[in-house]
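Data block below; observations after.
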Amino acid sequence: MNVVHYFLRVSEASGGVSRAIYDLVSLMAAVGHEVALATAADSRFPQAWFTSGRGTPEIVTFKPPPKPFELLSRASLAKIGSSLQEAEMLHLHGLWRPSSSQVAGLARRLRKPYVMTIHGTLDDWSMRQRPVRKRIYHRLFEMRNLAAAGRIHATAWAEAEQARKWIPHGRIAVIPYAFDLAPFAQPPGRELFLAAHPEVDARRTTVLFLSRLHPKKGAEILIRAVGMVRRTGVDCQLLMAGPGKASYLNRLRQLAASHVPDALFLGMVTGEEKHALYRFADVLALPTSQENFGLVFTESLACGTPVVTTRGTDIWSELESSGGALIAEPTAEAFAVAIVTLLSDSQRRQRMGRDGRRWVFDWLERRKVVDRYERLYREAAANGIGRTGA
């Protein structure tokens, strides 16, 4: 199958959506599908994608559209349209971008069926951010885009249920993100991380926060929670890994000075060093307000490290049933209790790590995921352009 994906900008630093797109287009190309990714020229790609040949996604770049509206030029739309002419299917990622509406309209004019992955953009928490603007935009543009889609793709049942009130038909497919398990088959040992960060104490138990440092991720809650954990007499160190705006980082450092003075802010950690960091940590804790999937959780469990998170992540039920995660209320008190529970019981931590790792490798096994996306595209093609798409 020949599928063109569209996302305005992809970069590993921008978070989970880009990572999910990387893995999906790579996986589908690797199994023999013709896959192209249309994205702005200032995006960032894995270097391996620039090698030609079968099994590598094609990159279709266009001139970055000017802010604030980021509307695509006629030339950019013509370039994307040229790729769509040869394709069987368009896969759009995310909502609320005028350029995505332009590309959806282009697909309708070309009579090309399309799939829309909503990436948490219709979650209740997301819809409470700038609600008036989103309701207007939904009425003017996204309602038509969604109605004309052959399939709407959600990554979890909880995400689908929240989205239904905004989708004018019931064609929602629930499929987890594609996830490249190969780097986790034999992840590097903790020594690799310690060699890069000699300031970390290898003898202490470790609570890890790994995510973009943004208010919705709950870093303040975790800092206060670790301070409470220490006051119970359970010693641990707190590692904060991830990029963030300087002003917000300063606020977190000031808060940490009062609650966890020796907390270490590591910045962005990637690649094998990140996998070694998961292996080094005793527990990953993320008091998030909203995640539609949360690749950080599957990465952590794939490395055998148990997770504490909230019902703010749409796969919370799946994580809990995996045996590798504890689900807590998004408060410092609740996270402190969950962390103490795990740090005080090494056998339970190890069992949860084993159970979670086994579950990830079964749930996200490559052939299972490929089959579900192939079925998604076949169903979308069979539905064609919706009744509002003319």
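Against the test of being among the acidic types (Asp, Glu) and in contact with a helix residue (DSSP H, G or I) (Cβ under 8 Å, 6 or more places away or on another chain), the options 161, 220 yield a single qualifying residue, 220. Residues that are free of Cβ contacts under 8 Å to residues at least 24 places away in the same chain, farther than 17 Å from residue 120 by Cα and not polar (S, T, N, Q) are absent from the range 142-160. Looking across the range 163-184, the residues that are of a type outside the set (Lys, Arg) and farther than 20 Å from residue 126 by Cβ come down to 169, 170, 178, 179, 180, 181, 182, 183, 184.
Residue-by-condition table, conditions (1) assigned to a loop (DSSP other than H, G, I, E, B); (2) closer than 21 Å to residue 369 by Cβ; (3) not assigned by TED's automatic domain parsing to the domain that holds residue 243:
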| position | (1), (2), (3) |
| --- | --- |
| 121 | yes, no, yes |
| 137 | no, no, yes |
| 144 | no, no, yes |
| 152 | no, yes, yes |
| 160 | no, yes, yes |
| 168 | yes, no, yes |
| 225 | no, no, no |
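All conditions but one from (1) crowded, with 24+ Cβ neighbours inside 10 Å; (2) in a helix (DSSP H, G or I); (3) in contact with a Phe, Trp or Tyr (Cβ under 8 Å, 6 or more places away or on another chain); (4) touching a residue at least 60 places away in the same chain (Cβ under 8 Å) apply to residue 284; the one that does not is (2). Selection within the range 204-219: residues that are polar (S, T, N, Q) and assigned to a loop (DSSP other than H, G, I, E, B). The member of this set that is surrounded by the most Cβ atoms within 10 Å (Cβ to Cβ) is 211. Within the range 91-105, does at least one residue satisfy the condition of being out of contact with any helix residue (DSSP H, G or I) (no Cβ under 9 Å at 6 or more places or on another chain), surrounded by fewer than 19 Cβ atoms within 10 Å (Cβ to Cβ), at pLDDT 95 or above and part of a helix (DSSP H, G or I)? No. Checking each residue in the range 228-246 for being within 24 Å of residue 194 (Cα to Cα) and free of Cβ contacts under 8 Å to residues at least 60 places away in the same chain picks out 230, 235, 237, 238, 239, 240, 241, 242, 244.
The values are calculated or read from the model by the stated rules, or taken from the named source; none is laboratory data. Please read all numbers here as calculations on a predicted model, not as lab measurements. FYI the Cβ positions are ideal-geometry reconstructions off the backbone, even for glycines, and counts take in every protein chain you see.
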